[in-house]
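The values are calculated or read from the model by the stated rules, or taken from the named source; none is laboratory data. No experiment lies behind these values; they were computed from the predicted model shown. Quick reminder, even Gly has a Cβ in these numbers, built from the backbone with ideal geometry, and neighbours come from all protein chains shown. The area values use the complete protein model at the heavy-atom level, side chains included, leaving out ligands, DNA and RNA. Shrake-Rupley method; radii C 1.70, N 1.55, O 1.52, S 1.80 Å.
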Amino acid sequence: MADQNAAGLLRITDLELCYQKNAAPVLALPTLAINRGEVVGISGPSGSGKSSLLYLISGLLRPTRGQINWNDTDITKLSEGACDRWRRQSIGFVFQDFHLIDEVSPLENVLIPASFAGWRISADTRQRAHDLLDQVGVPMARKSTSDLSRGEQQRVAIARALLFDPPIILADEPTASLDDAASLVAADTLFSLAGPNRTVITVSHDRDVIDRCKRILKFDKGHLVDDVSRNPAEDA
Ligand code: ADP
Ligand code: MG
């Protein structure tokens with residue numbers, strides 16, 4: 001785990017993504033650097049390439065060209081298996097629509113990444129999942145995740161993203177389908193994860209979420225059009 005402390009530093013060069021051959025790129029990013037421990041918000045109109053960027057930097061999507069370096073690893077050069085392993089160790093991904101399995105318990109949902117890894121789930125891992133649910137304040141006793149409120153479901157998804165204690169948290173519109181009160185709790189949970197050793201990058205339309213980020217990247221039509229660093233406390 002020693003190198004995890006050094007993780008969370010992103011360097012993008014000459015990045016381009018085209019979903020169709022010969023089509024205009026949906027994302028073109030000549031250069032972008034994000035340092036370890038930064039809390040970055042990504043905003044912009046629908047279709048501006050925000051989700052695509054998150055998928056690219058998590059290695060879920062391959063660029064048409066360009067480099068995506070997380071520390072010393074250019075993830076575009078990794079084989080699929082190596083990229084999956086790197087992602088499991090490095091990234092916690094929180095999706096807008098949770099991506100939970102409704103029929104199983106919150107605990108089983110938090111343990112999904114361990115099941116994907118094909119390991120026998122150890123008592124320690126199970127205990128960690130338990131502690132994480134406790135930490136995000138989700139009732140453990142429910143048999144099925146569909147019995148939870150939407151806000152609680154998103155917090156299960158956040159707990160799941162933390163199972164392997166990743167140095168990088170990526171969230172795609174994490175409060176988009178929540179009411180105001182649940183949004184606030186989910187955002188509090190998300191921002192409580194930030195720290196000197198953990199980089200948090202969240203796409204959001206939610207002003208309250210964006211206002212809490214120290215750096216805001218604005219995208220339009222696949223281009224980075226603004227990059228503002230600020231101290232959220234000053235505006236409070
Ligand atoms: P955002 O998250 O900012 O709404 P996206 O990254 O989802 O934007 O999409 C950027 C552009 O890429 C949009 O024009 C969208 O229609 C297009 N796009 C997204 N996913 C695909 C796909 N799988 N195939 C083809 N085009 C896509
Ligand atoms: Mg999107």
Checklist entry - within 15 Å of ligand 1 (Cβ to nearest atom) and open to solvent by 20 Å² or more (accessible area, probe 1.4 Å): does that describe residue 218? => result yes
Checklist entry - If you check every pair at least six apart or on different chains, which have Cβ atoms under 7 Å apart with a residue in the stretch 125-149 that is under 18 Å from residue 181 (Cα atoms) first and a residue that is open to solvent by 40 Å² or more (accessible area, probe 1.4 Å) and of a type outside the set (Val, Ile, Thr) second? => result 148/142
Checklist outcome for this item: Within the stretch 24-57, the residues that are part of a loop (DSSP other than H, G, I, E, B) and of a type in the set (Val, Ile, Thr) are 26
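Residue-wise test of (1) part of a strand (DSSP E or B); (2) touching a helix residue (DSSP H, G or I) at 6+ places or on another chain (Cβ under 8 Å).
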residue	(1), (2)
153	no, yes
158	no, yes
170	yes, yes
187	no, yes
191	no, no
202	yes, yes
209	no, yes
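Name the residues in the stretch 176-205 that are within 16 Å of ligand 1 (Cβ to nearest atom) and modelled with pLDDT of 95 or more, would you?
Those that are within 16 Å of ligand 1 (Cβ to nearest atom) and modelled with pLDDT of 95 or more: 201, 202, 203, 204.
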Item to check | Sole residue being open to solvent by 10 Å² or more (accessible area, probe 1.4 Å), out of contact with any helix residue (DSSP H, G or I) (no Cβ under 6 Å at 6 or more places or on another chain) and at positive phi, chosen from 81, 66 | outcome: 66
Checklist entry - Could you say whether any residue in the stretch 11-18 is among the β-branched types (Val, Ile, Thr), surrounded by 16 or more Cβ atoms within 10 Å (Cβ to Cβ), over 20 Å from residue 166 (Cβ atoms) and more than 19 Å from the chain's Cα centre (by Cα)? => result no
Checklist entry - Of (1) within 15 Å of residue 109 (Cβ to Cβ); (2) surrounded by 14 or more Cβ atoms within 10 Å (Cβ to Cβ), residue 193 satisfies all except one. Which? => result (1)
